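Below: one structure, written as C-alpha cells.
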Amino acid sequence: MQKVVILGKPNVGKSSLFNCFLKQRVAIISEIEGTTRDINIKQTQINDIDFLLCDTAGILPKSEGIFRDIKNKILSFINSEDIIIYVLDGKEAIDDFDVKIFRSLKNALLVINKIDIAKNRLQDWEYGIFGAKNIFYISTTHNRGLQGLKDYIGFLLAKNQNDELEELESSNLKTLDSTNIINIGIIGRVNVGKSSILNALLDKERSIVSEIEGTTIDPVDERIEYKNKILNFVDTAGIRRASKIEGIEKFALERTKKILKSSNIILLILDASKPFVELDEKISGLSDKFNLGIIIILNKWDIKYAEFSKIKQEIKRKFAYLSYAPIITTSAVTKRNINDIKDIILEVSENFNRRIPTAILNESIANATKIHPIPSDKGKMVKIYYATQIDSAPPQIVLIMNKPKSLHFSYKRYLVNHLRRNFNFSGSPILIFPKSKVRDENKDSKSNEINSKKYLINKTNLDSIDSKNTESSEN
C-alpha cells in the first residue's frame, strides 16, 4: 500500500497536519520539542484510494542519543516510492539543513506551514533553493490550503495506484474479515522492555528502543498476520507513578487508556531482572478495569533475579486476582519464547470470545450448587432458577434468581472458579450478573394497571347512573 510520509524538523506542525488529514486528534500535539518519537501510521483515504499516512518525529541537524536513533530510523523507513510531505515553518528563515534533506528525497512535496496571513510568507523565488516542483502554503491552525494539498496527493495516489509496491505487511490485510482482528495493548512500567517485545514480535525495528525513560509517547501500532488471524499490537507509553507524570506524559497516559478501551487483550510486561513493585500491581489492575484478556510476560529472563518457582510465587501473592492469567518467560534480546506469545494470544482470544450453550451452562451451574449450596439469607432459601450467557468478549453470564442481592461476592467467585475448572477460560475474565425475574414483576404491574383501569371505568359508570337517577327523581 502506498505510503505518504510527513517529514520535517521539530515543531513545524507535522502532527497537526497528520491530524488534519485524519480529521481527528490522533497524534499528540505539544510545544515541547520531541513530542513525537515513534512513527505513527494510520490507514486513511483520499478519493476512495487507501494509503498509509505516516507521522514522523522531528529530525535535527546535530542529533545525539535518542534523537540520533530517531533520525536514523526515520531516514531508513523512507522508500523511494513513498510520497514525502516535507514541512517547513513559514515563520522561520530557510535552513541549509532543510535544503540538504529535501534535495536527498525523491517524490517530495514542499509544504510551508503556519501561513496564517499571506503577507507574512516569503516570496516563491526564495524557496527556489529547494528545487521543489510543487510548493504548498498552508495553515493547519486555520485550515487554509489543505484541500489543494489533499487534491494533489490524491492525484499522485491515483497515478501510482497500479504500480504501487506493498511495502508493509499490513497492505494485504484489508481483504480479511474484520472479526479476525485481535487488538492487543502492550502495557507496563517505563523501561520494562515493551518496545523491545513489540519489535521482537514483529521481527523488525518498528518501535524506538532506548534506555532513556519515557521514550515511547505516541502509541505505536502494527499488524501482522499469524495463523489466519490479524494480530494488531499497540505499544503504549510506559506508566509512572502519578506524582512523577509530567508534561506530555499526561497526554500519553490518557491515550493509553483510550487504546485499552478498544483492545481485547493486554500483554502485561514485567521486568524479571528485579523484584516487582507496587506500581506493577496498579498497572495490572487496568485489565480488570477494562475487562480485558491478559497475558503476563516476564521479560529480561536472560538476567532474571530468581528462579521461576520463586517468581511465580511472588506473582501469585501480589497479583492474586490474575490467577487465571497465563505466564510466559521471554527475552527480547535472545528472542526466547517470542513465537509462543503469539500462540498464547490466539488461545486467550478464543477463550475471551467463548460461548457456553445454555443447556450445558445450566447443567454446570446446577452441579456447582449441589456441591456447595448457596448460603441462605436470614433463613430464607436463595435459588438460581436458570443461567444464560448474554455476551462474550468477555463472557458475561446472567443468573436469574429469587434473591439476586443475597448472592455474596465470594459465592460468585466460587461459581467463576467452577466454570474455569469445567471450561477453558485461561486469560479471560468471566462476569456474572445476578438478576431477578423481571418478567413476573412486569406481569404483576400490568395486572395492577388493568385492574386500576377497570375500577376507574366502573366508578365512572356508577357515577353516571347515580347522576341520571338523581335527575329523574327531581323531575
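The values are calculated or read from the model by the stated rules, or taken from the named source; none is laboratory data. Just so we're clear, the structure is a prediction, and the values are computed from it rather than from any experiment. We place every Cβ from the backbone using ideal geometry, glycine too, and count neighbours over all the protein chains shown.
Filtering region 286-296 to residues that are touching a Phe, Trp or Tyr at 6+ places or on another chain (Cβ under 8 Å) and part of a helix (DSSP H, G or I) leaves only 288. Does residue 306 qualify as being crowded, with 20+ Cβ neighbours inside 10 Å and not in a strand (DSSP E or B)? In short, no. Only one of the numbered conditions (1) farther than 30 Å from residue 273 by Cβ; (2) touching a residue at least 12 places away in the same chain (Cβ under 8 Å); (3) of a type in the set (Ser, Thr, Tyr) is not met by residue 334, and that is (1).
Kindly evaluate residue 335 against the criterion of being of a type outside the set (Ser, Thr, Tyr), surrounded by 13 or more Cβ atoms within 10 Å (Cβ to Cβ) and either touching a Ser or Thr at 6+ places or on another chain (Cβ under 7 Å) or modelled with pLDDT under 95 (or both). Answer is no for this residue.
Residue by residue through region 339-362, note down the ones that are surrounded by 13 or more Cβ atoms within 10 Å (Cβ to Cβ) and farther than 23 Å from residue 287 by Cα. 361, 362 - these are the residues of region 339-362 that are surrounded by 13 or more Cβ atoms within 10 Å (Cβ to Cβ) and farther than 23 Å from residue 287 by Cα. Mind counting the residues in region 1-42 that are at pLDDT 90 or above and hydrophobic (A, V, I, L, M, F, W, C)? Looking only at that region, the number is 9. Under the condition of being part of a helix (DSSP H, G or I), loosely packed, with under 13 Cβ neighbours inside 10 Å and at pLDDT below 90, the residues counted in region 104-148 number 7.
Being surrounded by 14 or more Cβ atoms within 10 Å (Cβ to Cβ), out of contact with any Leu (no Cβ under 8 Å at 6 or more places or on another chain), of a type in the set (A, V, I, L, M, F, W, C) and modelled with pLDDT of 85 or more, is that true of even one residue in region 154-163? Please lay out each step first, then the result.
Looking only at region 154-163, we keep the residues that are surrounded by 14 or more Cβ atoms within 10 Å (Cβ to Cβ), and these are 154, 156-157, 160.
Checking which are out of contact with any Leu (no Cβ under 8 Å at 6 or more places or on another chain) leaves us with 154, 156-157, 160.
From what's left, of a type in the set (A, V, I, L, M, F, W, C): 156-157.
Still in the running and modelled with pLDDT of 85 or more: 156-157.
Yes: one or more hits.
Among all residues of region 349-366, there is none that is more than 34 Å from the chain's Cα centre (by Cα), over 14 Å from residue 267 (Cα atoms), acidic (Asp, Glu) and not in a helix (DSSP H, G or I). Residue 375 fulfils the conditions (1) under 30 Å from residue 231 (Cα atoms); (2) touching a residue at least 24 places away in the same chain (Cβ under 8 Å); (3) not small (Gly, Ala, Ser) except for a single criterion, (1). Screening 370, 312 for residues that are part of a helix (DSSP H, G or I), surrounded by fewer than 17 Cβ atoms within 10 Å (Cβ to Cβ), in the same structural domain as residue 426 (by TED's automatic domain parsing) and out of contact with any Phe, Trp or Tyr (no Cβ under 8 Å at 6 or more places or on another chain) leaves exactly one candidate, 370.
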